[in-house]
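Only one structure is covered here, and it is reproduced in the block below.
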């Protein structure tokens, strides 16, 4: 798919724009990692951030989506989300031995689930978490910001790992 053509329409309602831009950033995650050598999937290029690897970052993005759409918005249990662990810092990024392809598939599945939740609710609906109640709109904007920021991290990682760079 030509990612330039995957942008949302120039004129569309708010929901179409929000989901369109977020989905584009999600697609770019996979695009940034196409052709990455297996030995680089778990390699860190940032000396002070050893868990910031392509694989670790994809896992993080998957679990952040789970946290916001399922745990916060739907008030689902956080038990399966490693971000809730108090005994291990950054548990969601500790994915040594897990193939990047599997992590990308898990991210795609979470993305589909997040979009199902979004489709079933108004942008003005409030999260069901009893203590933290942003609107779905706020969550979508936050996820757009979060995902785009991490796409930038992937840009930098990829260039440092193997010299690959590009707009998409």
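Values quoted throughout were computed directly from the atomic coordinates according to the rules given, and no laboratory measurement underlies them. Note that this is a predicted model, so its numbers are computed, not measured. We place every Cβ from the backbone using ideal geometry, glycine too, and count neighbours over all the protein chains shown.
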I'd like the residue in the stretch 124-142 that is touching a helix residue (DSSP H, G or I) at 6+ places or on another chain (Cβ under 6 Å) and in a helix (DSSP H, G or I) and, out of all such residues, is nearest to residue 111 (Cα to Cα).
140
Taking residue 90 as the residue in question, decide whether it is over 14 Å from the mean Cα position of the chain (by Cα) and at positive phi.
yes
Scanning the stretch 1-23 residue by residue, those in a helix (DSSP H, G or I) and in contact with a helix residue (DSSP H, G or I) (Cβ under 9 Å, 6 or more places away or on another chain) turn out to be 14, 15, 18, 19, 21, 22, 23
State all residues of the stretch 51-83 that are under 20 Å from residue 163 (Cα atoms) and not in a helix (DSSP H, G or I); if no residue qualifies, say none.
52, 53
Determine if the stretch 12-20 includes at least one residue that is farther than 17 Å from residue 151 by Cβ and surrounded by 14 or more Cβ atoms within 10 Å (Cβ to Cβ).
yes
Any idea which of (1) farther than 25 Å from residue 155 by Cβ; (2) touching a helix residue (DSSP H, G or I) at 6+ places or on another chain (Cβ under 7 Å); (3) surrounded by fewer than 19 Cβ atoms within 10 Å (Cβ to Cβ) is the one residue 98 doesn't satisfy?
(1)
